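Trainee: Have a look at the structure that comes next, please.
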């Protein structure tokens, strides 16, 4: 059985939820339909003619890409322009295009985490906070016979995290009362008769992003027809997500040594560097894409060097004057997401026993030649 398009995207958005994106970012379905079976997914950094030809050749139904193909509202769609020809080719071959941009940058396991992992950075913190998780307290009353089943269902759905502690809950035994009325099929008791039941009040923490999934898991595991539960918003904030990462290098390196490590880790032939190549660096920051605006954020995070792309001339001068090192590995370094996202989707699909498969796009979309 193949997964429907909406199911595929629901799986993907568990990795990179839309609400992680910065305001006005061009994300989501940009072309085609998700109301169809998806046999093949192609994960790409950019949607170019070469990538679309690859998609046609491999029977792809859906492209999940990082960079948008539509940046602003279309005034017209002329098929004698480069963009128009690309859209026409996608439409004629019934290939949908879904974009995940800054939400994939921000996500745990997304582009910036992948870059940090490639350099071995530890004790990571975001450079620029984008989203702070809202928390709710879930309170539910469960018959003692199903206490453990419901509790485990809540934990498996992702409830019960406080910092680095999982499976957090508070449980109080007591007596519940209810009277089944006409037309009910009660798990306990009889119609028209007041029932007293030994129950457990369960309290646990639920992040807003998974609230619906947690409630669905609760209702599925709970034996009652009408489940008594409450959700209370909390002032306590959850995890913070953001663009970029800063962390400690596994060991001190010279800037020259880090340059060579970055070239190998990100499979780039050459980089641009700002700073003394013999300087020792202990803490690094990474940011996929254009990171010039985040040099000051990297400095505030205590980083000795920022590894990013698209550094302009004046930003480089300002960083040099401030004693901040830069390694410009190019915007195309974000290609690191292709294999990782394809692997994630294949695991998620296989877990649900779908035959749909994902693959990383092979053509290079690097527009520059290095001579």
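Trainee: By how many degrees, 0 to 90 and rounded to 10, does the Cα axis of helix 147-156 deviate from the longest principal axis of the chain?
Mentor: 10
Trainee: Roughly what % antiparallel, to the nearest 5, for the DSSP beta bridges in the chain?
Mentor: 70
Trainee: Run the helix sum for the chain: -39,500 (n - 2.57) per DSSP H stretch of 4+ residues, divided by residue count, reported at 222 nm to the nearest 500 deg cm²/dmol.
Mentor: -8500 deg cm²/dmol
Trainee: Quick check on region 1-72: what are the equivalent-ellipsoid semi-axes from the Cα gyration tensor, as sqrt(5λ), descending, whole Å? Intermediate results must be reported in sequence, preceding the final value.
Mentor: Numbers: eigenvalues 80, 58, 19 Å².
Values for region 1-72, descending: 20, 17, 10 Å.
Trainee: Separate question: Roughly what % of DSSP beta bridges within region 247-371 run antiparallel, to the nearest 5? Display every interim value, and only then the final one.
Mentor: On the way: 7 of 15 bridges.
Counting only bridges with both partners in region 247-371, antiparallel ones make up about 45 percent.
Trainee: Ok, one more. Can you tell me the length gained on complete extension of the stretch residue 272 to residue 230, counting 0.36 nm per residue apart and subtracting the Cα distance?
Mentor: Here the answer is 9.6 nm.
Trainee: Right, next: Run the paramagnetic zone check for residue 123: 7 angstrom along Cα to Cβ, then residues of region 288-315 with backbone nitrogen under 20 Å.
Mentor: Output list for this probe position: 297-307.
Trainee: Mind jotting down the three principal axis lengths of region 130-239 based on Cα atoms? Whole angstrom, largest first.
Mentor: Taking the Cα atoms of region 130-239, the three principal extents are 53, 24, 23 Å.
Trainee: Let me ask another. What do you get for Rg/Rh over the chain if you use C-alpha atoms and the Kirkwood form of Rh?
Mentor: For the chain, the value is 1.07.
Trainee: Could you compute the FRET efficiency for residue 147 and residue 300, with r as their C-beta to C-beta distance and R0 at 56 Å, rounded to 0.05? The partial results should precede the final answer.
Mentor: Numbers: r = 48 Å, r/R0 = 0.85.
In this case the efficiency is close to 0.75.
Trainee: Kindly rank 293-305, 136-148 from highest to lowest mean number of other beta carbons found within 10 Å of each residue.
Mentor: Highest to lowest by the protection proxy: 293-305, 136-148.
Trainee: Within 10 Å, count the other beta carbons around each residue, average over each peptide in 232-243, 174-185, and list them highest first.
Mentor: Final packing ranking: 232-243, 174-185.
Trainee: Please list 69-82, 276-289 highest first by mean number of surrounding beta-carbon atoms within 10 Å per residue. Don't skip to the end; give the middle numbers.
Mentor: Numbers: 69-82: 10.1, 276-289: 20.4.
By packing density, highest mean first, the sequence is 276-289, 69-82.
Trainee: Also: Can you grab the distance from the C-alpha centre of region 76-128 to the C-alpha centre of region 133-157, Å, no decimals?
Mentor: 36
Trainee: Starting from the Cα-Cα distance between residue 29 and residue 364, subtract it from 0.36 nm times their residue separation and give me the gain in nm to one decimal. Mind showing how you got there, number by number?
Mentor: Values: separation 335, 0.36 × 335 = 120.60 nm, distance 2.31 nm.
Between residue 29 and residue 364, full extension yields 118.3 nm more.
Trainee: Let me ask something additional. Once you treat every alpha carbon in region 267-342 as an equal point and sum by Debye, what is log10 I(q)/I(0) at q = 0.15, 0.24 Å⁻¹?
Mentor: For the requested q values the scattering log ratios are -0.48, -1.10.
Trainee: Which percent of Cα-Cα pairs in region 237-297 sits in each 10 Å bin, short to long?
Mentor: 18, 49, 27, 6, 0
Trainee: Related question: Say R0 is 56 Å: what FRET efficiency, to the nearest 0.05, do residue 177 and residue 81 get from their beta-carbon distance?
Mentor: Efficiency, rounded to the nearest 0.05: 0.20.
Trainee: Let me ask something else. What's the long-distance tail for region 38-186, i.e. % of Cα pairs beyond 19 Å?
Mentor: Cα-Cα pairs of region 38-186 separated by over 19 Å account for 72 percent.
Trainee: Could you tell me what fraction of 2.2 N^0.38 Å the Cα radius of gyration of region 237-371 comes to, as a two-decimal ratio?
Mentor: It is 1.21.
Computed from the coordinates by the stated procedures, all read-outs in this text should not be read as laboratory data. Please read these numbers as outputs of a predicted model, since none were measured by experiment. Don't worry about glycine lacking a Cβ; one is built from the backbone with ideal geometry, like all the others, and counts go over all protein chains shown.
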